[in-house]
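Asks: Got a structure for you, questions after.
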Amino acid sequence: MRKSLICFVLVLGGAVSPALAEPMVTKMALVTIETSTTVAAPPAQVWATLTDVAKAKIWCPYWAGEPGTGSLAAVGKSLAYKDEYGNPGRSVVVFSDSGKQLRIAHVPDDGSYLCQTTFRLAADGSGTKLTVVEQYSDQMDVPLDKDTAASAKQAEDAYVTALKKMAETGNK
């Protein structure tokens, strides 16, 4: 696995620019939703269900209208989505560790929130332990973090259940 770090530093005459010395901080809510389940299928089968674009458009209704096929296993792969409120946006794979972890960032076109979903797979006997963690950051005034949490939990439970069922039935 290759890791890289990119740093940007502005240097003016050997000193850091005064404009960068004091960061501007905005208060944001961070909502974290976690769901774990055991899938009665080997990790390779769960990974295939998770990363196949055609299958992902079935278990995740937000990608249903996205054309195309291929794999979500590569960093940089992206899909258009429409969230439960009808807001369009883009989902982008930001991390992939084949068969073990997939991380996808979701950003609506209006920039009102940022969501990151992490899928972790681990062998568990003859099956797979699937853990899904969603993290949302929202402006404090819209929507309220408790409303985001309730909506996100309901949506996460639904697509994790659909993903589990699809993986267990041989991706049908």
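Asks: When Lys and Arg each count +1 and Asp and Glu each count -1, what net charge do the other residues less than 11 Å away from Pro43, Cβ to Cβ, add up to? Can you show the working numbers first?
Replies: Values: positive: Lys100, Arg120, Lys129; negative: Asp124.
Neighbour charge sum, excluding Pro43 itself: +2.
Asks: Using amide H atoms built in the peptide plane, which far-off residues or other-chain residues are under 5 Å from Lys77 H to H?
Replies: The list, which skips near neighbours in sequence, is Val93.
Asks: Do the alpha carbons of any pairs in Lys82/Lys164; Lys57/Lys82; Lys77/Lys129; Lys77/Lys164; Lys100/Lys153; Lys57/Lys164 sit beyond 18 Å of each other, and which pairs?
Replies: Pairs exceeding 18 Å: Lys82/Lys164; Lys77/Lys129; Lys77/Lys164; Lys100/Lys153.
Asks: Right, another one. Please tell me the relative contact order of segment 79-119 in percent, rounded to the nearest whole number, where contacts are Cα pairs under 8 Å and at least six residues apart. The partial results should precede the final answer.
Replies: Details: 72 pairs, mean separation 12.4, N = 41.
Once divided by the residue count of segment 79-119, the mean separation gives 30 percent.
Asks: Let me ask another. If contacts are Cα pairs under 8 angstrom and at least 6 residues apart, what is the relative contact order of segment 27-168 in percent?
Replies: Details: 293 pairs, mean separation 46.1, N = 142.
Value for segment 27-168: 32 percent.
No value in this document is a laboratory result; all are computed from the given coordinates. No experiment lies behind these values; they were computed from the predicted model shown. Using ideal geometry, Cβ is built from the backbone for each residue, glycine included, and neighbour counts are taken over all protein chains shown.
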